[in-house]
Each structure stands twice: as structure tokens, then as C-alpha cells.
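Participant: Just dropping this structure here.
The values are calculated or read from the model by the stated rules, or taken from the named source; none is laboratory data. Values in this document were obtained by computation on a predicted structure and should not be read as measured data. Cβ atoms come from the backbone with ideal geometry, glycine included; neighbour counts cover every protein chain shown.
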Amino acid sequence: MAQTSDAARDAVDLAAAARGRRVILGLAGPPGAGKSTVALAIVEYARARNGPAWAACLPMDGYHLSTAQLRRLGLENRKGAPETFDADGYAAMLARVAADDGADIYAPDYDRVTHHEPIAARLLIPAPARLIVTEGNYLALDDPRWRAARRYIDHLWYVEAPDAVRARRLLERQLAGGRDEAAARDWVERSDHPNGELVKQSRPNADRVITPDPGAP
């Protein structure tokens with residue numbers, strides 16, 4: 001992937017330059033840009049260089065509100081919008097990660113395949129981890145709900161991809177999640193598209209822009 005290998009090397013160098021201090025790298029960007037893929041590539045490279053406990057992922061998607069809570073709030077049709085995440089909980093987790101108190105940390109993940117729900121404690125951030133890569137749509141958003149989380153991110157990069165590439169990926173994601181084509185297209189247009197347009201406005205708030213190979217999944 002173009003730029004991804006460079007990003008991985010640079011991320012490891014940034015963490016190494018911190019001389020033992022834990023570093024949190026944030027990847028922002030619109031839905032379908034490839035944030036998860038880039039995050040995984042960085043973590044895999046870091047682990048290959050420095051050992052399996054040296055780096056870990058912390059996706060913002062683990063802080064999706066559950067379907068039950070979205071229904072209670074009347075936000076089920078807005079799932080994926082900024083207000084449908086537990087931004088305070090995410091910020092609290094980043095604060096805990098940044099504190100680096102020598103303990104293992106269990107973090108939530110999001111299941112896109114079967115349950116379409118956050119799953120508690122599915123991810124492990126090992127105590128020795130020096131590089132934590134967190135990724136999500138709204139990390140660069142200049143909004144009171146997300147500024148608290150931004151305080152704990154040492155370096156914030158923006159991942160972007162052409163709109164046509166993102167639209168294809170998002171449609172494929174919805175189809176894989178069980179929607180038929182009409183429902184999938186409706187969701188992409190009604191939810192993913194406006195969320196992506198909002199996220200694009202946050203691009204200038206990032207320290208660097210990463211552009212993966214458009215052919216990557």
C-alpha cells in the first residue's frame with residue numbers, strides 16, 4: 001500500500017524516540033478510508049520489529065453505543081454519527097492507556113460480522129506496549145465531545161481515499177453485514193456519506209495525511 005509502509009516505519013520511530021514513554025498514535029478519516037487496515041499494518045510491523053507485546057490496536061468503534069441504547073435514545077437510524085458513540089468512555093480509556101501504570105488493559109472491540117455490536121474486553125493492550133494505534137472517524141473532529149480524547153493522542157494522522165473507492169468499500173461492508181443491495185445503498189447514502197463529509201472537514205486538524213493504495217480492501 002502506498003505510504004502505509006512508510007507510515008509504519010515512521011510510527012515505530014516515533015515510539016522509539018519517546019525513550020520508553022508509551023506513545024498513542026491516532027488515525028482519523030472518513031468511513032471506508034482504510035483506517036483499520038493501516039492501523040493493523042502499523043501494529044504488525046511494530047510487532048515484527050520489537051516483539052508481539054510492543055504494540056496494540058485500540059479502535060474507537062468499540063465505543064459504539066449498543067443497539068438497545070440507540071433505540072432508547074431514538075438514534076438507531078443514525079448509527080455511526082458522532083452522537084452514537086460513548087465519547088466520554090473512549091476518552092477515559094485513552095487516559096488509562098496514557099497513564100501507563102504497568103497493568104494489562106482489556107478494551108472493547110466492535111463486531112461487524114455477526115452481532116453488529118460492541119464487545120467488551122475482546123482486545124488486550126499488554127502492559128509492555130509502547131505504541132498504541134487508535135483509529136476512528138472522529139478523532140480529529142473539532143467538537144467538544146471529542147476534544148477530551150484528543151488530549152491523549154500524541155500524533156494524529158488522517159487516512160484518506162477517493163470517494164468512489166470509499167463508496168465501494170462501504171457498500172461491500174453493508175452487503176457483508178447482511179443488508180440487501182437496496183438497503184445497503186440506502187444506508188451508505190443516508191448515513192455513511194454525511195458522516196464522511198463531516199469527517200473531511202477535520203482533515204486540517206491532523207499532523208499528516210496517509211493515502212493507502214486505492215486497490216487495497
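Participant: Would you mind stating whether Gly89 is at negative phi, part of a helix (DSSP H, G or I) and crowded, with 22+ Cβ neighbours inside 10 Å?
Facilitator: The answer is no for Gly89.
Participant: Under 8 Å between Cβ atoms, at least 6 apart or on separate chains: pull out the pairs that start in segment 32-61 with a residue that is in contact (Cβ under 8 Å) with a residue 40 or more places away in the chain and hydroxyl-bearing (Ser, Thr, Tyr) and end on any residue that is buried (at least 21 other Cβ atoms within 10 Å of the Cβ) and assigned to a loop (DSSP other than H, G, I, E, B).
Facilitator: Listed pairs, sorted by first residue: Thr37/Pro212.
Participant: I'd like to verify a number: residues in segment 157-196 that are within 17 Å of the chain's Cα centre (by Cα) and charged (D, E, K, R), how many?
Facilitator: Residues that pass the stated criteria total 5.
Participant: If you go through segment 169-201, how many residues are surrounded by fewer than 16 Cβ atoms within 10 Å (Cβ to Cβ) and more than 11 Å from Pro30 (Cα to Cα)?
Facilitator: The total comes to 12.
Participant: A further question follows. Look at Asp111 and say whether it is at pLDDT 95 or above, under 30 Å from Ala99 (Cβ atoms), of a type in the set (Asp, Glu) and surrounded by fewer than 17 Cβ atoms within 10 Å (Cβ to Cβ).
Facilitator: no
Participant: Applying the selection to segment 110-125, what residues are of a type outside the set (Val, Ile, Thr) and either closer than 15 Å to Tyr90 by Cα or in a strand (DSSP E or B) (or both)?
Facilitator: Tyr110, Asp111, Glu117, Pro118, Ala120, Ala121, Arg122, Leu123, Leu124
Participant: So which residues in segment 67-76 are of a type outside the set (Val, Ile, Thr) and either touching a Ser or Thr at 6+ places or on another chain (Cβ under 7 Å) or surrounded by 13 or more Cβ atoms within 10 Å (Cβ to Cβ) (or both), if there are any at all? Explain how you work it out, then say what you get.
Facilitator: At the first step, the residues of segment 67-76 found to be of a type outside the set (Val, Ile, Thr) are 68-76.
Scanning segment 67-76 gives Gln69, Leu70, Leu75, Glu76.
Participant: So Arg47 fits all but one of (1) at positive phi; (2) in a helix (DSSP H, G or I); what number is the exception?
Facilitator: Unmet condition: (1).
Participant: Taking the condition assigned to a loop (DSSP other than H, G, I, E, B), more than 27 Å from Asp143 (Cβ to Cβ) and either out of contact with any Gly (no Cβ under 9 Å at 6 or more places or on another chain) or charged (D, E, K, R) (or both), does Ala41 pass?
Facilitator: no
Participant: Could you tell me which residue of segment 6-22 is farthest from Ala46 (Cα to Cα), considering only residues that are more than 16 Å from the chain's Cα centre (by Cα) and buried (at least 19 other Cβ atoms within 10 Å of the Cβ)?
Facilitator: Among residues in segment 6-22 that are more than 16 Å from the chain's Cα centre (by Cα) and buried (at least 19 other Cβ atoms within 10 Å of the Cβ), the one farthest from Ala46 (Cα to Cα) is Ala15.
Participant: In this structure, does Asp101 turn out to be exposed (fewer than 15 other Cβ atoms within 10 Å of the Cβ) and either within 20 Å of the chain's Cα centre (by Cα) or not in a helix (DSSP H, G or I) (or both)?
Facilitator: Judged against the criteria, Asp101 is a match.
Participant: Return only the number of the condition from (1) farther than 25 Å from Arg208 by Cβ; (2) touching a Pro at 6+ places or on another chain (Cβ under 6 Å) that Ala92 does not satisfy.
Facilitator: Evaluating Ala92 over (1) farther than 25 Å from Arg208 by Cβ; (2) touching a Pro at 6+ places or on another chain (Cβ under 6 Å) leaves (2) as the failure.
Participant: If you go through segment 173-186 one residue at a time, do you hit one that is of a type outside the set (Ser, Thr, Tyr), within 22 Å of Tyr63 (Cβ to Cβ) and modelled with pLDDT of 95 or more?
Facilitator: The answer is no; no qualifying residue exists.
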